[in-house]
Amino acid sequence: MKIDPKHDLFEFHFHYHIEDSACFSDKYFLAHDFDEAKEMFDYACSKRTSLALLDKVEKWNRWADRWEEVDLPTSDPSLN
């Protein structure tokens, strides 16, 4: 049986802070790509009254056994 790479899940690490807070927080999601992980992050933060501002997003490289930073698009207002 051939494995379809489109069905692979990747672990994403979102390092962020709430608009009015100096403390940073982390959230982790399993997703097929960054866009899907960002949708999950947005949904998880949607019930807050303050905006969640991203500091960085990393994707786990299971072959190199390390986190690798994801380039963030600058058009999204929640991305600094």
Pick from the stretch 16-27 the residues that are free of Cβ contacts under 8 Å to residues at least 24 places away in the same chain and loosely packed, with under 12 Cβ neighbours inside 10 Å: which of them is nearest to residue 56 (Cα to Cα)?
26
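Quick one: which of 38, 47 is basic (Lys, Arg), open to solvent by 100 Å² or more (accessible area, probe 1.4 Å) and not in a strand (DSSP E or B)?
47
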Going through the stretch 10-35 in order, the residues found to be more than 14 Å from residue 69 (Cα to Cα), under 13 Å from the mean Cα position of the chain (by Cα) and part of a loop (DSSP other than H, G, I, E, B) are 32
Could you look through the stretch 57-72, keep only residues that are open to solvent by less than 80 Å² (accessible area, probe 1.4 Å) and closer than 14 Å to residue 11 by Cα, and pick out the one that is farthest from the chain's Cα centre (by Cα)?
64
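The values are calculated or read from the model by the stated rules, or taken from the named source; none is laboratory data. No experiment lies behind these values; they were computed from the predicted model shown. Neighbour counts run over all protein chains shown; Cβ positions are idealised from the backbone, glycine included. Protein only, heavy atoms only, side chains kept; ligands, DNA and RNA dropped before computing areas. Shrake-Rupley method; radii C 1.70, N 1.55, O 1.52, S 1.80 Å.
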